[in-house]
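What follows is one structure encoded as structure tokens, with my remarks underneath.
The values are calculated or read from the model by the stated rules, or taken from the named source; none is laboratory data. What you see is a predicted model, and the numbers here were worked out from it, not measured in a lab. Because the Cβ atoms are built from the backbone with ideal geometry, glycine has one as well, and the counts that use them run over all protein chains shown. The protein model used for the area step is the full one, side chains on, heavy atoms only, and it has no ligands, DNA or RNA in it. Shrake-Rupley method; radii C 1.70, N 1.55, O 1.52, S 1.80 Å.
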Amino acid sequence: MTDPGPSPAPEQAAETGTLAARLALKQRAGGIVVPIATVVLAFLMSGLVVLATGHNPLLAYRDIFRGSGLNWVFHPTTNILDISAYNLSQTLLQTTTLILTGLAVAFAFRCGMFNIGGQGQYIIGIVVANWVGVDFGGMRPLPHILLAISAATFAGAAWAGIAGVLKATVGAHEVISTIMLNWIALWGAEWLFGDGGPLQNATQPFVPVSDNVAKSAQLPVFWGAQGFQGLDIGIFIALAALVVFWALLNRTTLGYEVRAVGFNPDAAAYGGINVKKNLIRAMAISGAFAGLAGAVDMLGYLYHYGQLDIPVSQVGFLGIAVALLGRNTAVGTLFGALLFGSLAYGTTHGLNTGSVIQPELAGNLTYIIQGLVVLFVGADVLILYVWNSRKRLRPRQAPKSARSAKAAA
């Protein structure tokens with residue numbers, strides 16, 4: 001049996017691998033410069049929109065900063081009239097969810113797949129966490145919390161695993177299948193929480209809202225008051241998930257195989273890696289992060305969910321922007337989630353009262369900034385693809401140049 005020679009480096013494998021692998025390699029080579037430039041450019045363009053309305057964009061961004069509570073970090077205070085501490089706790093609640101939904105996109109991308117189904121997986125986590133939190137109310141707090149979180153996480157993994165199985169067995173594209181699964185989750189949840197649904201509250205039969213989860217299933221609050229949307233220990237669960245994400249990818253055989261499949265599935269299969277198995281488990285792990293996000297929100301501060309809340313929530317889709325901006329890394333996802341969490345809360349609560357711009361623009365400024373960030377990230381991907389295509393054109397042009405030089409001689 002002949003020796004196949006040394007295995008190619010990941011960088012060499014990426015040159016002949018999937019588009020996602022080549023773009024991921026180029027993006028990681030850009031370090032933190034490209035994400036920072038993307039954010040700065042998005043804020044500059046959004047500032048022009050604010051300026052076009054006749055207002056000062058610097059003052060608007062100051063209000064966002066204050067509305068998100070980030071000013072409390074530089075000037076901590078216990079003054080009960082100062083709401084900056086409360087605003088910061090709400091920003092961190094948003095950040096917690098976005099960390100987990102961002103990881104749900106990032107892990108699949110590292111295996112060369114696009115998980116567009118984070119929203120559906122998040123909804124499944126919400127539904128299962130509410131069901132366990134309500135129907136198992138007689139349990140002790142710690143087992144009850146662990147059971148609800150575990151069940152929601154597993155449910156999210158199983159829901160995303162469907163797309164992984166379809167991808168591995170019949171080649172169904174994960175973008176299409178996860179979008180379809182999103183709609184199934186959405187309409188399924190609306191039925192469950194709707195009038196006469198199995199999870200509708202028993203005390204108000206005409207209100208399409210679930211029951212509150214039992215107190216034994218509610219995550220402890222360490223900043224603020226329990227029951228009044230204080231900051232719960234879910235933030236530490238999200239930070240632990242970041243560590244798990246990094247360790248899985250960089251310190252385990254599973255992570256090595258996932259990254260190898262993402263770089264080049266053909267080369268990975270030649271090296272003895274089961275590509276189909278890794279596609280399934282990468283999607284399942286991604287769904288687990290999104291299901292965990294639903295559990296943390298339900299048990300941390302929502303406690304109940306209504307039929308009208310389901311189509312409004314967009315945190316799963318926002319996780320795509322978080323992962324793209326964070327370059328599908330643990331640290332990048334953390335800062336991306338903090339940025340979008342600050343925008344989400346800062347624009348809706350910092351600009352609606354005492355703002356330098358009118359509330360109707362303030363409420364949509366976060367969407368403008370988010371859209372521009374995604375647009376510029378997408379433009380960056382396009383530029384990298386065009387730049388990479390330039391290299392493939394050189395070998396075709398070289399023989400013509402050689403023939404021309406020979407004819408001239």
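The amide H of Asn115, built 1.01 Å from its N in the peptide plane, has Phe109 as neighbours under 5 Å, considering only residues 5 or more places off or on other chains. Solvent-accessible area per residue in the range 204-283 equals 52 Å², computed with a 1.4 angstrom probe and all protein chains kept. Taking amide H as placed 1.01 Å from N in the peptide plane, Gly230 has its amide H under 5 Å from the amide H of Ala225, each at least 5 places away in sequence or on another chain.
The charge dipole of the range 31-378, taken about its Cα centre with unit charges on the Cβ atoms of Lys, Arg (+1), Asp and Glu (-1) only, comes to about 880 debye. Computed with a 1.4 Å probe over protein heavy atoms only, the accessible area of Asp195 comes to about 110 Å².
The Cα atoms of the range 31-378 give a gyration tensor whose axes a ≥ b ≥ c have a/c of 1.5 or more with a/b no greater than b/c, which makes the shape oblate. Nonpolar atom fraction for the range 31-378, defined as the carbon and sulfur part of the 1.4 Å probe accessible area, stands at 71 percent. With every protein chain in place, what's the accessible area of Trp159 (1.4 Å probe, Å², nearest 10)? Taking all protein chains as shown, Trp159 has close to 50 Å². Per-residue extension of 0.36 nm, minus the Cα-Cα distance of Phe222 and Asn56, leaves a gain of 56.0 nm for this segment. Accessible surface comparison of Ile162, Ile285, probe 1.4 Å, protein chains only, largest first: the order is Ile162, Ile285.
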